[in-house]
């Protein structure tokens, strides 16, 4: 009698273990639903893109060492091409600072790529604006060409896996609350 009870207990226990193991296995294989970025892209007027971001290394201003894009893998990179003579570029830089301040602790990196200007001119300009995100110098325009930039400002959004996911040509109010919230959706994703 004791053997029958012991055998039945073992069968029940093994059955429960098997069911739980199956549930855990299935749950671990479930992929999370992809984040729908269509609304975020519409708010920010981003053109969707799907390409590997070309790596580069450029000299930087201030306290930052020379910067390589690859060093920021695992972060969302806001790559902005600009010049001091470009009024829309100048107008959006404080808004970019606000966006950076809001999301930098969540892994946002803003890289402002100045195109073909002398370092003293750029340094004086940046000091006057008081931006704290890294500014790099594309002295010969090589990186600008690599990213096929055709006008200023141009912003390229790169996901945490190093893929270009969106491009914005022209000025944008990056610090508007609707834009900041939309950008939050990008910050939540791993990659597209």
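The values are calculated or read from the model by the stated rules, or taken from the named source; none is laboratory data. A quick note: this is a predicted structure, and the numbers were derived from the prediction, not measured. Cβ coordinates were reconstructed from backbone atoms using ideal geometry, including for glycine residues, and neighbour counts include every protein chain displayed.
Quick grid of which residues meet (1) at positive phi; (2) in contact with a helix residue (DSSP H, G or I) (Cβ under 6 Å, 6 or more places away or on another chain); (3) assigned by TED's automatic domain parsing to the domain that holds residue 79:
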| site | (1), (2), (3) |
| --- | --- |
| 96 | no, no, yes |
| 100 | no, no, yes |
| 107 | yes, no, yes |
| 117 | no, no, yes |
| 120 | no, no, yes |
| 127 | no, no, yes |
| 135 | no, yes, yes |
Count - residues of region 158-192 that are assigned to a loop (DSSP other than H, G, I, E, B) and more than 21 Å from residue 88 (Cβ to Cβ): 8
With (1) more than 14 Å from the chain's Cα centre (by Cα); (2) in contact (Cβ under 8 Å) with a residue 24 or more places away in the chain; (3) surrounded by fewer than 21 Cβ atoms within 10 Å (Cβ to Cβ) as the list, and residue 177 as the residue in question, which single condition is left unmet? (2)
Among the candidates 129, 169, 111, residue that is in contact (Cβ under 8 Å) with a residue 12 or more places away in the chain, closer than 24 Å to residue 55 by Cα and surrounded by fewer than 20 Cβ atoms within 10 Å (Cβ to Cβ): 169
Log entry, pairs with first residue in region 149-164 being closer than 19 Å to residue 100 by Cβ and assigned by TED's automatic domain parsing to the domain that holds residue 81, second being at pLDDT below 95 and in a loop (DSSP other than H, G, I, E, B), beta carbons closer than 8 Å, six or more apart or on different chains, reads 157/46; 159/189; 159/190; 159/191; 159/192; 160/189; 160/190; 160/191
Yes or no: residue 157 within 21 Å of residue 58 (Cα to Cα) and either under 17 Å from the mean Cα position of the chain (by Cα) or modelled with pLDDT of 95 or more (or both)? yes
